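Before any comments, here is the structure.
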Amino acid sequence: MSLHEVWQAAASSPFQPSVSKDSQIAVGLLLLLVGLILTILFGLNRSSSSIPIFGIPASLAFAFGAVYTICGVGVYV
């Protein structure tokens, strides 16, 4: 397949993001709030069993929340 054929095939099916541009700021701030709550719960339950329950979801919520918030305010990463 040549590059021109790939370009023509992609033109008929435009990219649709999973979160629309208008709701990125709301989703980002919600994820940051969830990350903060999970971080507080992780701080209160310091044990090795709370790492997969609170620690990993908190870090993922902060990471995705920061990216969505940054994109929602107009700074594209």
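Quick check on my filter: what residues within the range 34-45 are farther than 20 Å from Val19 by Cα and part of a helix (DSSP H, G or I)?
Result: Leu36, Ile37, Leu38, Thr39, Ile40, Leu41, Phe42, Gly43, Leu44.
Read through the list (1) in a helix (DSSP H, G or I); (2) of a type in the set (S, T, N, Q); (3) free of Cβ contacts under 8 Å to residues at least 24 places away in the same chain, then give the number of the only condition that Ser48 fails.
(1)
Assess whether Ile70 counts as being surrounded by fewer than 17 Cβ atoms within 10 Å (Cβ to Cβ), in contact (Cβ under 8 Å) with a residue 24 or more places away in the chain, in a helix (DSSP H, G or I) and not basic (Lys, Arg).
Spelling it out, Ile70 is indeed surrounded by fewer than 17 Cβ atoms within 10 Å (Cβ to Cβ), in contact (Cβ under 8 Å) with a residue 24 or more places away in the chain, in a helix (DSSP H, G or I) and not basic (Lys, Arg).
What are the residue pairs meeting all of these: first residue in the range 1-27, first residue open to solvent by less than 100 Å² (accessible area, probe 1.4 Å), second residue among the β-branched types (Val, Ile, Thr) and part of a helix (DSSP H, G or I), Cβ atoms under 6 Å, and 6 or more apart or on different chains?
Cβ pairs passing all conditions: Val19/Val27.
The values are calculated or read from the model by the stated rules, or taken from the named source; none is laboratory data. This structure is a prediction, so every number in the text was calculated from the model and none was measured. Note that we place each Cβ from the backbone using ideal geometry, even for glycine, and neighbour counts take in every protein chain shown. All accessible areas refer to the heavy atoms of the entire protein, side chains included, with ligands and DNA or RNA removed. Shrake-Rupley method; radii C 1.70, N 1.55, O 1.52, S 1.80 Å.
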